[in-house]
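S.K.: Below is the structure I would like to discuss, written out as structure tokens.
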Amino acid sequence: MKLRLIAPPAAAILLVGTWVGFQQKSISSLREETVSLEQAIARTPVMAAEATPPAPKRDKYGLDGPVDEINWKAVVEQMSPGSGRPDDLGAMLRLHNRIAAFSLDDFEAAFAALDQLDLSPAQRLTLDNLLIEGYASVDPQGALRRFSDRLQGDDTRASWHLSKAFNQWANQDLPTAIAWMDQAIQEGKFDSKSLDNRNSARIRFEAQLLNHLIQSDPAAAQARVMDLPEDQRIELLESMRNEPDNFAALAKLARDSFSESSKSINALGGLGSRHASPGSFEKVNRFIEDAGLSQMEIDAVVKQSAPQYLASDRAVTSEDIRAIGAWAAEKSPGSDAEAVGLALARASWSQKNTYENLAALAKSYDPDGNNDAVIAAFIRNTTNNPNRERAMELLQSVSDPTLRAELEQQLQN
């Protein structure tokens, strides 16, 4: 017989009521939590949509805003040498891009802003030069009129920018540019303040004019060269454009610009040597051919070009000196030994070459001949104090007693 537990009616009712109440409470709580969660989810996109987006980060120098908001003081301070700030290069690039977009009104506003700042002379010069560069590209004539006072002093960067503006003007209207230049000279704007009476700005501007006149009006070009002191004419000629299409005209100008032929020959040597490069005489050969040089002029070109062949930071080899010697012997017979010695002296500037190694190359240039000329040229051009003792040792390899005594005297002085 199974026993059955039968709850009393009152107890059963109480139990059922308690369970139902508990379930109702749990369901109610769950519903409340669900509603709260749904409301939170519903509010989320609304909150995101209504939130204010963060303001874009402004350039700390104000380079992304109007001209009157540029912080020129901060700009020039971060440009100071050794600032070490990681954004220096980025700031400079942004500054150049910003100035490149300036209008004339922007430039006027910028210069006015600089006038109100407490800047050191060096800081003001730095900022002025940045602005002059951009101003000159927008209004070449205006830049020359406004900043012509910069042509007398040592502000070479400003005069360089202004010479570019002058060339731009000459390209557009050569007669007017020449007239302005002549008037500026008369007014003393190109007068020199140095003891040697030299004005680098005058040389730059004259070179720009000569580049235009050398083909179209050679007589006018010659007259402008002769108007400068003779000791400044080589620098003027070397400042001119020196390319194949004007080699012949440039050579003629050089020949006619000096009272002594030795000076014009030296000038032509310098003009030709500008085309020598480490490991190559190819463009020098073109200059010699197209300029129609005499043998004496070629000799000068070879002498001044040979050192440039070894003007790179590398160790010199016997193949190098053989190449120099062969080229010099072809272009200027009898000059190869001196050319090799001059080139070895130039190579001594590089830390890749020891004096002992270069001296050994000088002594071995011609194994079967006399290397006195090579050694002499090398010693004469490496007589600085650190090399004197070693040069005295090398001197013993010179076979000619007269030459050896001469070199010894030079080393002792």
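Nothing in this text is a laboratory measurement; each read-out follows from the coordinates by a stated rule. Treat the numbers as computed from the prediction; the structure is a model and nothing was measured. Using ideal geometry, Cβ is built from the backbone for each residue, glycine included, and neighbour counts are taken over all protein chains shown.
S.K.: Would you kindly give the portion of the calculated P(r) for region 99-153 that falls above 19 Å, as a percent of all Cα pairs? Could you put the intermediate results ahead of the total?
M.R.: Details: 377 of 1485 pairs.
Cα-Cα pairs in region 99-153 separated by more than 19 Å: 25 percent.
S.K.: Explain nothing, just the number: dipole magnitude of region 212-282 about its Cα centre with +1 on each Lys and Arg Cβ and -1 on each Asp and Glu Cβ, in debye rounded to the nearest 20.
M.R.: 80
S.K.: Give the calculated FRET efficiency between Met92 and Ile185 to the nearest 0.05, with a Förster radius of 45 Å applied to their Cβ-Cβ distance. Show your work: numbers first, answer last.
M.R.: Details: r = 36 Å, r/R0 = 0.80.
Taking R0 as 45 Å, the efficiency between Met92 and Ile185 is 0.80.
S.K.: Please report, in debye to the nearest 20, how large the charge dipole of region 148-273 is about its Cα centre when each Lys and Arg carries +1 at its beta carbon and each Asp and Glu carries -1 there. Kindly include the intermediate steps, with their values, before the conclusion.
M.R.: On the way: 14 positive and 19 negative charges, 40 e Å.
In total the dipole reaches around 200 debye.
S.K.: Also: Just rank Trp349, Trp169, fewest to most, by other beta-carbon atoms within 10 angstrom. Kindly include the intermediate steps, with their values, before the conclusion.
M.R.: On the way: Trp349 13, Trp169 21.
With the sparsest Cβ surroundings first, the list reads Trp349, Trp169.
S.K.: Please provide three numbers in whole Å: the alpha-carbon extents of region 225-273 along the principal axes, with the largest listed first.
M.R.: Cα extents, longest axis first: 27, 19, 16 Å.
S.K.: Taking R0 as 41 Å, what's the FRET efficiency between Ala360 and Glu289 from their Cβ-Cβ distance, rounded to 0.05?
M.R.: Details: r = 35 Å, r/R0 = 0.86.
Plugging the Cβ-Cβ distance into 1/(1 + (r/R0)^6) gives 0.70.
S.K.: Just going by the charge dipole of region 246-309, with Lys and Arg at +1 and Asp and Glu at -1 on Cβ, which of Leu268, Pro307, Ala248 is farthest out on the positive end?
M.R.: The listed residue farthest towards the positive side: Pro307.
S.K.: How large are Rg and Dmax for region 314-413 when calculated on the C-alpha trace, in angstrom?
M.R.: Rg, Dmax (Cα atoms, Å): 12.7, 36.
S.K.: Taking 2.2 N^0.38 Å as the expected size of a compact globular protein, what ratio does the Cα radius of gyration of region 252-400 give against it, to two decimals? Show your work: numbers first, answer last.
M.R.: Details: Rg = 15.6 Å, N = 149, 2.2 N^0.38 = 14.7 Å.
Normalised Rg, Cα atoms only: 1.06.
S.K.: Next up: Starting at the first residue of region 231-245, write each ³J(HN,Hα) from the Karplus equation 6.51 cos²θ - 1.76 cosθ + 1.60 with θ = phi - 60°, in whole Hz, x for Gly and Pro.
M.R.: 6, 9, 6, 4, 4, 5, 4, 6, 8, 7, 5, 10, 10, x, 6
S.K.: Then there's this: Over what distance in Å are the Cα centres of region 239-271 and region 295-372 separated?
M.R.: That distance is 25 Å.
S.K.: If you don't mind, there's one more thing I want to ask. How would you rank Ser239, Ser332, going from fewest to most other Cβ atoms within 10 Å of each one's own Cβ?
M.R.: On the way: Ser239 18, Ser332 22.
By the 10 Å Cβ count, ascending, the order reads Ser239, Ser332.
S.K.: Given N residues in region 81-232, what is Rg(Cα) / (2.2 N^0.38 Å)?
M.R.: Ratio of Rg to 2.2 N^0.38 Å for region 81-232: 1.17.
S.K.: I would also like to ask the following. May I ask which of Lys331/Lys363; Lys252/Lys303; Lys252/Lys363; Lys193/Lys303 have a Cα-Cα span longer than 30 Å here? The partial results should precede the final answer.
M.R.: Working: Lys331/Lys363 23 Å; Lys252/Lys303 20 Å; Lys252/Lys363 40 Å; Lys193/Lys303 35 Å.
Result: Lys252/Lys363; Lys193/Lys303 exceed 30 Å.
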